[in-house]
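All of the numbers you see were taken from the coordinates with simple rules; none came from a lab. Keep in mind that what you see is a predicted model, and the values were worked out from it rather than measured. Cβ atoms come from the backbone with ideal geometry, glycine included; neighbour counts cover every protein chain shown.
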Amino acid sequence: MDTVSVTEGITYGFRIMIYYVAVVIVGQVIAAVGGGMVAAATETGFRQEPNFGLALFGLLVGLLGAVVVFAGIFGAIYKVIADGVAKGRSMTPSTD
């Protein structure tokens with residue numbers, strides 16, 4: 001039975017790591033923008049009302065960032081499992 005080489009495993013590991021880092025950075029930037037919007041909306045002066053519309057929109061943008069991170073991580077986990085199954089199937093000898 002064939003095995004996966006060390007260099008192939010390391011190469012795949014780096015590719016998936018770059019994907020994880022990119023997804024987390026993009027999601028966190030989106031979430032940070034949302035957090036900044038909430039902070040700007042609630043930072044008021046003396047006798048001023050906070051901007052509730054901007055705060056709500058910032059909260060939605062922050063939640064979108066969190067969803068991007070979770071979807072990216074779950075998608076990467078699915079890809080690792082699917083790639084492992086596909087590699088295992090391609091390495092097994094056919095019984096035909």
Query raised in the report: What dipole magnitude, in Debye to the nearest 20, does the chain give about its Cα centre under +1 on Lys/Arg Cβ and -1 on Asp/Glu Cβ?
Result: 80
**Report entry** Angle in degrees between helix 6-42 and the longest Cα principal axis of the chain, rounded to the nearest 10
**Finding:** 10
Query - In degrees, nearest ten, helix 52-91 long axis to first principal axis of the chain (Cα) - result: 0
Report task. List the relative contact order of the stretch 1-60 as a percent without decimals, with contacts defined as Cα pairs under 8 Å and 6+ residues apart. Result -> 28
